[in-house]
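*Asks:* Sharing a structure with you now.
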Amino acid sequence: MSTKRTLDAFFTPTAKKSRKEDESAEIIRHSTHASYPMAISELPSSISKELSSLPARPGREINDQPDLDLIYYEPYIPSYLTNKLFEFLRSELPFHRVEYDINRGGYKTHIRTPRYTTVFGLDETARFDEDGSVVDAKSGFKVDDKRYERYPPRPIPKCLDDLRRSAEAATDCRFNFCLVNYYASGADSISFHSDDERFLGPDPAIASFSLGARRDFLMKHKPVAPDDQNPDRPQPKQLKLPLASGDMILMRGRTQSNWLHSIPKRTGKNAGDGGRINITFRRAMVKDGTENYYNYNVGTGPVYRWDKTMREMRLSSAKDQLEGKP
DNA sequence: GTACCTAAGCTAT
DNA sequence: AATAGCTTAGGTA
């Protein structure tokens with residue numbers, strides 16, 4: 001942006017500001033909470049308003065395979081919004097690279113999650129009251145200190161809650177959790193799994209948004225038990241959806257109990273041109289869900305934030321966080 | 001066609 | 001909720 005401006009022009013009151021100046025002049029509000037590592041900016045009100053009137057096009061049902069029940073919004077968010085939203089969320093959200101140990105064939109292996117993650121939300125048995133305290137959903141009384149001892153639950157910040165409310169209106173589903181993944185390059189991935197945890201209840205509905213680089217989303221049916229009636233029955237076919245910026249997939253019904261999905265590693269020109277953000281909304285029914293999601297998507301490690309100069313995720317020091325620096 | 005290369009897919013741990 | 005190592009697929013000269 002040019003900073004050149006004559007003194008005359010500076011002192012001459014302008015009748016009307018340009019649209020761009022109006023946006024930059026807007027007072028930026030923040031979502032704050034004791035559990036946040038730093039305040040999280042709200043979206044400019046113009047973008048926030050536009051999210052409320054989505055999707056851009058109706059979704060398409062994909063249910064031509066056994067146990068598969070998807071609605072594919074291609075796109076959900078129009079292209080003139082996706083770039084701003086992607087850049088905004090990548091810059092504003094606190095991310096983590098969670099590490100943990102697993103047992104693999106008798107050997108202990110250390111895992112460094114191959115993507116950046118973050119999470120906000122609280123299961124159905126509790127809610128945040130007006131001043132941010134966690135209260136029991138039924139009684140309204142502040143919960144026992146030991147109930148969410150390991151990780152203080154974090155309310156969904158307004159910038160993500162705008163999208164949550166949009167998704168609820170579009171799908172007629174209810175969501176209380178928001179998981180965010182950042183795949184920095186084709187080397188970042190998630191292996192085949194289902195979102196079939198008990199704490200989501202049976203047949204959970206999950207809304208999954210894509211922003212940024214296009215990445216392949218693979219789906220395959222869980223292994224089918226041999227069928228005495230028809231031993232040669234063909235296996236359900238595998239799907240490959242090239243998810244693009246602004247797309248949304250609603251997975252529902254028997255999908256999670258019967259299908260696996262993944263974002264495989266990609267190399268070379270198939271790696272995806274830059275980073276990709278995935279945002280999923282879901283509804284955890286019990287306390288275990290809150291514990292599990294914070295454990296695997298926040299953990300106990302440091303915060304990473306997007307460095308606009310280096311154009312990469314950087315460790316964010318405690319000092320910077322206190323001072324509200326990026 | 002065939003050798004050679006890279007990427008993608010599969011499987012045991 | 002993952003990875004290494006092997007096999008297979010696919011492109012190109």
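The values are calculated or read from the model by the stated rules, or taken from the named source; none is laboratory data. Quick caveat: nothing in here was measured; it's all calculated off a predicted structure. All Cβ positions, glycine included, derive from the backbone under ideal geometry; neighbour counts span all protein chains shown.
*Asks:* Does A:Thr109 satisfy the condition of being within 30 Å of A:Val303 (Cβ to Cβ) and at pLDDT below 95?
*Replies:* When the stated conditions are applied, A:Thr109 passes them.
*Asks:* I'd like the full set of residues that are assigned to a loop (DSSP other than H, G, I, E, B), under 16 Å from A:Val286 (Cα atoms) and touching a strand residue (DSSP E or B) at 6+ places or on another chain (Cβ under 6 Å), limited to region A:131-146.
*Replies:* Across region A:131-146, the qualifying residues are A:Ala137, A:Val143.
*Asks:* Can you pull out every residue in region A:48-104 that is more than 16 Å from DNA strand C (Cβ to nearest atom), among the basic types (Lys, Arg) and loosely packed, with under 12 Cβ neighbours inside 10 Å?
*Replies:* Those that are more than 16 Å from DNA strand C (Cβ to nearest atom), among the basic types (Lys, Arg) and loosely packed, with under 12 Cβ neighbours inside 10 Å: A:Lys49, A:Arg57, A:Arg60.
*Asks:* Right, another one. What pairs come up if the first residue lies in region A:110-122 and is under 21 Å from A:Ser133 (Cα atoms), the second is polar (S, T, N, Q), and their beta carbons are under 8 Å apart, counting only those six or more places apart or on different chains?
*Replies:* Correct list of pairs: A:Thr118/A:Asn297; A:Val119/A:Asn297; A:Gly121/A:Asn176; A:Gly121/A:Thr290; A:Leu122/A:Asn176; A:Leu122/A:Thr290.
*Asks:* Identify the single condition in (1) at pLDDT below 95; (2) within 16 Å of DNA strand B (Cβ to nearest atom) that A:Arg276 does not satisfy, given that it satisfies every other one.
*Replies:* Of (1) at pLDDT below 95; (2) within 16 Å of DNA strand B (Cβ to nearest atom), only one is false for A:Arg276: (1).
*Asks:* On to the next question. Identify all residues within region A:237-290 that are of a type in the set (S, T, N, Q) and within 15 Å of DNA strand C (Cβ to nearest atom); write none if there are none.
*Replies:* A:Gln238, A:Thr255, A:Gln256, A:Ser257, A:Ser262, A:Thr267, A:Asn270, A:Asn278, A:Thr280, A:Thr290
*Asks:* While we're on this one: In region A:105-161, which residue that is exposed (fewer than 12 other Cβ atoms within 10 Å of the Cβ) and of a type in the set (Phe, Trp, Tyr) is nearest to A:Glu42 (Cα to Cα)?
*Replies:* A:Phe141
*Asks:* Of these, A:Arg252, A:Arg282, which one is basic (Lys, Arg), modelled with pLDDT of 95 or more and under 16 Å from the mean Cα position of the chain (by Cα)?
*Replies:* When all the criteria are applied, what remains is A:Arg282.
*Asks:* Given the structure, is A:Arg164 touching a Phe, Trp or Tyr at 6+ places or on another chain (Cβ under 8 Å), away from DNA strand C (no atom under 16 Å from the Cβ) and not hydrophobic (A, V, I, L, M, F, W, C)?
*Replies:* For A:Arg164, the condition - touching a Phe, Trp or Tyr at 6+ places or on another chain (Cβ under 8 Å), away from DNA strand C (no atom under 16 Å from the Cβ) and not hydrophobic (A, V, I, L, M, F, W, C) - is met.
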